[in-house]
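The values are calculated or read from the model by the stated rules, or taken from the named source; none is laboratory data. It should be emphasised that the depicted structure is a prediction, and the values quoted were computed from it without experimental measurement. Cβ placement follows ideal geometry from the backbone for every residue including glycine, while neighbour counts extend to all protein chains displayed.
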Amino acid sequence: MSEIRPICEAEAEPFLALLCGVFDLDVSRARGVFFNEPFFDLKRKWALFEEGRMVSILTTVPLSFGWGAAIGIAGVATAKEHQRKGKATQLLEAVLAQAERSQEAAAFLFARETGFYERCGFRALDIVVRARIRSHPEPRPPDPMEIDEVVRRYDFWSGENPDRLRRDPRRWNYWKWNLKLCSPLHGGYLCLEGGMVREALTHELHHSWPLPEGTQWLGLQGMAALMGVPLLDPVTELFLMGRGAPAAPQMFLTDQF
(Lines give C-alpha, C1' and ligand atoms only; values in the text may rest on other atoms or scores of the structure.)
Protein backbone atom coordinates (compact mmCIF):
# COMPACT_ATOMS: atom_id res chain seq x y z
CA MET A 1 0.00 0.00 0.00
CA SER A 2 1.36 3.42 -1.00
CA GLU A 3 1.05 6.66 0.96
CA ILE A 4 2.26 10.12 -0.10
CA ARG A 5 2.52 12.94 2.45
CA PRO A 6 4.87 15.45 4.09
CA ILE A 7 7.12 13.85 6.67
CA CYS A 8 6.87 14.29 10.44
CA GLU A 9 9.69 15.24 12.80
CA ALA A 10 10.61 11.62 13.60
CA GLU A 11 11.04 10.92 9.87
CA ALA A 12 13.54 13.73 9.21
CA GLU A 13 16.62 11.58 9.89
CA PRO A 14 15.47 8.70 7.63
CA PHE A 15 14.67 11.31 4.96
CA LEU A 16 18.19 12.71 5.23
CA ALA A 17 19.71 9.22 5.19
CA LEU A 18 17.85 8.31 2.00
CA LEU A 19 18.86 11.58 0.36
CA CYS A 20 22.54 11.15 1.26
CA GLY A 21 22.52 7.49 0.24
CA VAL A 22 21.22 8.22 -3.26
CA PHE A 23 23.50 11.21 -3.87
CA ASP A 24 26.52 9.71 -2.08
CA LEU A 25 26.75 12.50 0.51
CA ASP A 26 28.28 12.35 3.98
CA VAL A 27 25.36 12.32 6.42
CA SER A 28 27.26 13.94 9.29
CA ARG A 29 28.35 16.86 7.11
CA ALA A 30 24.96 17.24 5.44
CA ARG A 31 23.03 17.23 8.72
CA GLY A 32 24.08 20.74 9.75
CA VAL A 33 22.95 22.22 6.45
CA PHE A 34 19.78 20.12 6.25
CA PHE A 35 18.37 21.12 9.64
CA ASN A 36 19.67 24.70 9.86
CA GLU A 37 19.09 26.29 6.47
CA PRO A 38 16.41 29.01 6.61
CA PHE A 39 13.97 27.16 4.31
CA PHE A 40 13.89 23.99 6.41
CA ASP A 41 10.21 23.06 6.65
CA LEU A 42 8.90 19.55 7.30
CA LYS A 43 5.65 20.41 5.50
CA ARG A 44 7.66 20.81 2.29
CA LYS A 45 9.60 17.55 2.57
CA TRP A 46 7.48 14.94 0.83
CA ALA A 47 7.82 11.17 0.81
CA LEU A 48 6.21 8.15 -0.78
CA PHE A 49 5.86 5.24 1.63
CA GLU A 50 5.42 1.59 0.67
CA GLU A 51 4.06 -0.56 3.48
CA GLY A 52 5.21 2.12 5.91
CA ARG A 53 8.74 2.38 4.49
CA MET A 54 10.03 5.62 2.97
CA VAL A 55 11.13 4.83 -0.58
CA SER A 56 11.02 8.09 -2.59
CA ILE A 57 11.43 11.73 -1.51
CA LEU A 58 11.60 15.31 -2.71
CA THR A 59 11.60 18.83 -1.28
CA THR A 60 9.66 21.86 -2.44
CA VAL A 61 10.79 25.46 -1.95
CA PRO A 62 8.45 28.48 -2.15
CA LEU A 63 9.18 30.95 -4.96
CA SER A 64 7.58 34.29 -5.74
CA PHE A 65 7.47 36.17 -9.03
CA GLY A 66 5.59 39.21 -10.23
CA TRP A 67 3.06 36.91 -11.89
CA GLY A 68 2.46 34.81 -8.76
CA ALA A 69 3.63 31.95 -6.53
CA ALA A 70 5.57 28.89 -7.66
CA ILE A 71 7.64 26.07 -6.22
CA GLY A 72 11.17 24.89 -6.76
CA ILE A 73 11.68 21.14 -6.60
CA ALA A 74 14.90 19.68 -5.25
CA GLY A 75 16.37 16.47 -3.93
CA VAL A 76 14.26 14.01 -5.93
CA ALA A 77 15.59 10.65 -4.74
CA THR A 78 14.38 7.05 -4.69
CA ALA A 79 15.88 4.15 -2.75
CA LYS A 80 17.99 2.08 -5.15
CA GLU A 81 15.93 -1.08 -4.82
CA HIS A 82 12.79 0.86 -5.79
CA GLN A 83 14.20 2.78 -8.74
CA ARG A 84 12.74 2.38 -12.25
CA LYS A 85 9.36 1.38 -10.81
CA GLY A 86 7.57 4.71 -11.30
CA LYS A 87 7.82 5.77 -7.64
CA ALA A 88 9.43 9.16 -8.33
CA THR A 89 6.84 9.89 -11.02
CA GLN A 90 4.02 8.97 -8.66
CA LEU A 91 5.42 11.21 -5.93
CA LEU A 92 6.17 14.13 -8.24
CA GLU A 93 2.71 14.11 -9.81
CA ALA A 94 1.03 14.03 -6.39
CA VAL A 95 3.14 16.95 -5.13
CA LEU A 96 2.49 19.00 -8.27
CA ALA A 97 -1.26 18.41 -7.94
CA GLN A 98 -1.15 19.58 -4.31
CA ALA A 99 0.87 22.65 -5.29
CA GLU A 100 -1.75 23.60 -7.88
CA ARG A 101 -4.48 23.29 -5.24
CA SER A 102 -2.38 25.63 -3.06
CA GLN A 103 -2.17 28.23 -5.85
CA GLU A 104 1.46 27.38 -6.61
CA ALA A 105 0.72 26.34 -10.17
CA ALA A 106 4.19 26.77 -11.67
CA ALA A 107 7.14 24.55 -10.82
CA PHE A 108 10.85 24.73 -11.58
CA LEU A 109 13.80 22.40 -11.08
CA PHE A 110 17.43 21.95 -12.08
CA ALA A 111 18.28 18.66 -13.79
CA ARG A 112 21.33 17.01 -15.32
CA GLU A 113 19.12 15.05 -17.75
CA THR A 114 15.76 16.13 -19.13
CA GLY A 115 14.03 12.91 -20.18
CA PHE A 116 12.32 11.91 -16.93
CA TYR A 117 11.03 15.42 -16.24
CA GLU A 118 9.85 15.94 -19.81
CA ARG A 119 7.65 12.88 -19.37
CA CYS A 120 6.19 14.63 -16.31
CA GLY A 121 5.27 17.73 -18.30
CA PHE A 122 8.38 19.87 -17.73
CA ARG A 123 10.31 21.59 -20.50
CA ALA A 124 13.81 23.05 -20.65
CA LEU A 125 13.68 26.84 -20.22
CA ASP A 126 17.37 27.72 -19.89
CA ILE A 127 20.73 26.15 -19.13
CA VAL A 128 23.19 26.64 -16.30
CA VAL A 129 26.68 27.33 -17.63
CA ARG A 130 30.10 27.47 -16.05
CA ALA A 131 32.70 29.69 -17.72
CA ARG A 132 35.68 31.88 -17.03
CA ILE A 133 34.89 35.59 -16.95
CA ARG A 134 37.09 37.78 -19.12
CA SER A 135 38.78 39.92 -16.49
CA HIS A 136 41.40 42.55 -15.87
CA PRO A 137 43.30 43.37 -12.68
CA GLU A 138 42.38 46.41 -10.64
CA PRO A 139 44.85 48.37 -8.53
CA ARG A 140 42.76 48.27 -5.38
CA PRO A 141 39.73 46.10 -4.63
CA PRO A 142 36.59 48.18 -3.92
CA ASP A 143 35.19 48.34 -0.43
CA PRO A 144 32.38 45.84 0.29
CA MET A 145 28.85 47.14 -0.09
CA GLU A 146 26.43 47.38 2.80
CA ILE A 147 23.85 44.61 2.66
CA ASP A 148 20.98 47.12 2.87
CA GLU A 149 22.21 48.73 -0.36
CA VAL A 150 22.42 45.33 -2.07
CA VAL A 151 18.84 44.59 -0.98
CA ARG A 152 17.66 47.97 -2.27
CA ARG A 153 19.29 47.52 -5.67
CA TYR A 154 18.08 43.95 -6.11
CA ASP A 155 14.51 44.71 -5.05
CA PHE A 156 14.33 47.65 -7.47
CA TRP A 157 15.66 45.48 -10.31
CA SER A 158 13.31 42.61 -9.44
CA GLY A 159 10.27 44.87 -9.45
CA GLU A 160 10.91 45.99 -13.03
CA ASN A 161 9.89 42.66 -14.62
CA PRO A 162 7.28 40.09 -13.48
CA ASP A 163 9.55 37.18 -14.52
CA ARG A 164 12.18 38.14 -11.92
CA LEU A 165 12.39 36.31 -8.62
CA ARG A 166 11.16 38.32 -5.64
CA ARG A 167 13.00 37.98 -2.34
CA ASP A 168 10.90 38.21 0.80
CA PRO A 169 12.57 38.45 4.26
CA ARG A 170 12.89 34.67 4.52
CA ARG A 171 14.63 34.43 1.16
CA TRP A 172 16.96 37.29 2.07
CA ASN A 173 17.80 35.39 5.28
CA TYR A 174 18.69 32.38 3.11
CA TRP A 175 20.83 34.62 0.91
CA LYS A 176 22.67 36.10 3.91
CA TRP A 177 23.01 32.64 5.49
CA ASN A 178 25.34 31.73 2.63
CA LEU A 179 27.49 34.80 3.49
CA LYS A 180 27.85 36.77 0.26
CA LEU A 181 30.55 39.44 -0.14
CA CYS A 182 29.31 42.11 -2.54
CA SER A 183 31.13 44.96 -4.22
CA PRO A 184 30.00 47.72 -6.62
CA LEU A 185 30.09 46.91 -10.35
CA HIS A 186 29.00 49.13 -13.24
CA GLY A 187 26.12 50.76 -11.37
CA GLY A 188 25.08 47.53 -9.70
CA TYR A 189 26.99 44.94 -7.71
CA LEU A 190 28.55 41.49 -7.88
CA CYS A 191 28.87 38.71 -5.33
CA LEU A 192 32.30 37.11 -5.29
CA GLU A 193 32.46 33.73 -3.53
CA GLY A 194 36.07 32.67 -3.62
CA GLY A 195 36.77 32.35 -7.33
CA MET A 196 33.09 32.14 -8.31
CA VAL A 197 30.37 34.63 -9.29
CA ARG A 198 26.78 33.37 -9.12
CA GLU A 199 25.11 36.78 -8.88
CA ALA A 200 25.93 40.05 -10.60
CA LEU A 201 23.54 42.92 -11.19
CA THR A 202 24.85 45.33 -13.81
CA HIS A 203 23.50 48.12 -16.00
CA GLU A 204 26.41 48.56 -18.42
CA LEU A 205 28.21 46.36 -20.94
CA HIS A 206 31.98 45.99 -20.62
CA HIS A 207 34.52 43.90 -22.52
CA SER A 208 36.00 42.61 -19.25
CA TRP A 209 35.27 42.81 -15.55
CA PRO A 210 37.61 43.92 -12.71
CA LEU A 211 38.08 40.47 -11.18
CA PRO A 212 40.99 38.18 -10.30
CA GLU A 213 42.16 36.15 -13.28
CA GLY A 214 40.43 32.78 -13.45
CA THR A 215 37.19 33.90 -11.76
CA GLN A 216 34.28 31.82 -13.04
CA TRP A 217 30.61 32.47 -13.67
CA LEU A 218 28.11 29.80 -12.62
CA GLY A 219 24.60 30.74 -13.59
CA LEU A 220 21.84 30.78 -16.16
CA GLN A 221 22.90 31.48 -19.72
CA GLY A 222 19.95 33.87 -20.05
CA MET A 223 21.06 35.87 -17.01
CA ALA A 224 24.65 36.02 -18.28
CA ALA A 225 23.37 37.50 -21.54
CA LEU A 226 21.05 39.92 -19.74
CA MET A 227 23.87 41.18 -17.50
CA GLY A 228 26.48 41.21 -20.23
CA VAL A 229 28.81 38.82 -18.41
CA PRO A 230 31.90 38.45 -20.69
CA LEU A 231 32.07 34.66 -20.73
CA LEU A 232 34.91 32.58 -22.11
CA ASP A 233 34.18 29.03 -23.35
CA PRO A 234 30.96 28.28 -21.42
CA VAL A 235 30.17 24.66 -20.56
CA THR A 236 26.65 23.40 -19.80
CA GLU A 237 26.24 22.15 -16.23
CA LEU A 238 22.46 21.78 -15.73
CA PHE A 239 19.11 22.38 -17.37
CA LEU A 240 16.55 24.71 -15.79
CA MET A 241 13.16 23.11 -16.40
CA GLY A 242 9.68 24.42 -15.78
CA ARG A 243 6.06 23.32 -15.80
CA GLY A 244 3.11 25.72 -15.87
CA ALA A 245 5.41 28.74 -16.05
CA PRO A 246 4.52 31.71 -18.28
CA ALA A 247 8.18 32.36 -19.14
CA ALA A 248 11.73 31.46 -18.21
CA PRO A 249 12.47 32.88 -14.75
CA GLN A 250 15.11 35.54 -14.30
CA MET A 251 17.04 34.47 -11.20
CA PHE A 252 20.58 33.93 -9.95
CA LEU A 253 22.08 30.69 -8.72
CA THR A 254 22.45 32.23 -5.27
CA ASP A 255 18.75 31.31 -5.05
CA GLN A 256 19.21 27.77 -6.38
CA PHE A 257 16.88 25.24 -4.76
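Miscellaneous remarks
- Screening Phe35 on (1) within 30 Å of Pro246 (Cα to Cα); (2) at pLDDT 95 or above shows it passes everything except condition (1).
- Residues that are part of a loop (DSSP other than H, G, I, E, B) and under 24 Å from the mean Cα position of the chain (by Cα) within the stretch 199-213 comprise Thr202, His203, listed in sequence order.
- Out of Thr59, Thr114, sole residue that is of a type outside the set (Asp, Glu), surrounded by fewer than 16 Cβ atoms within 10 Å (Cβ to Cβ) and either touching a strand residue (DSSP E or B) at 6+ places or on another chain (Cβ under 9 Å) or at pLDDT 95 or above (or both): Thr114
- Residue identified as surrounded by fewer than 16 Cβ atoms within 10 Å (Cβ to Cβ), modelled with pLDDT of 95 or more and either among the polar types (S, T, N, Q) or in a loop (DSSP other than H, G, I, E, B) (or both) among Asn161, Asn173: Asn161
- Residues of the stretch 63-84 classified as in contact (Cβ under 8 Å) with a residue 60 or more places away in the chain and under 24 Å from Phe40 (Cβ atoms), total: 8
- Scanning the stretch 69-114 for residues being under 20 Å from Asp126 (Cα atoms) and not hydrophobic (A, V, I, L, M, F, W, C) gives a total of 5.
- Residues in the stretch 62-75 that are surrounded by 20 or more Cβ atoms within 10 Å (Cβ to Cβ) and either outside any strand (DSSP E or B) or of a type in the set (A, V, I, L, M) (or both): Leu63, Ala70, Ile71, Ile73.
- Some residue of the stretch 66-89 being among the aromatic types (Phe, Trp, Tyr) and in contact with a Lys or Arg (Cβ under 8 Å, 6 or more places away or on another chain): no
- Output for the stretch 98-111, where each listed residue is surrounded by fewer than 19 Cβ atoms within 10 Å (Cβ to Cβ), closer than 17 Å to Thr59 by Cβ and without any contact (Cβ under 8 Å) to a residue 40 or more places away in the chain: Gln98, Ser102
- The set of residues in the stretch 32-56 that are surrounded by 15 or more Cβ atoms within 10 Å (Cβ to Cβ) and not aliphatic (A, V, I, L, M) comprises Phe34, Pro38, Phe39, Arg44, Lys45, Trp46, Phe49, Glu50, Ser56.
This table checks each residue for (1) over 21 Å from the mean Cα position of the chain (by Cα); (2) under 26 Å from Leu253 (Cα atoms); (3) assigned to a helix (DSSP H, G or I); (4) not assigned by TED's automatic domain parsing to the domain that holds Leu220.
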site	(1), (2), (3), (4)
Ala10	yes, no, yes, yes
Val55	yes, no, no, yes
Thr60	no, yes, no, yes
Leu96	no, yes, yes, yes
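- Residue selected from the stretch 76-89 under the condition of a type in the set (A, V, I, L, M) and assigned to a strand (DSSP E or B), by the criterion surrounded by the most Cβ atoms within 10 Å (Cβ to Cβ): Ala77
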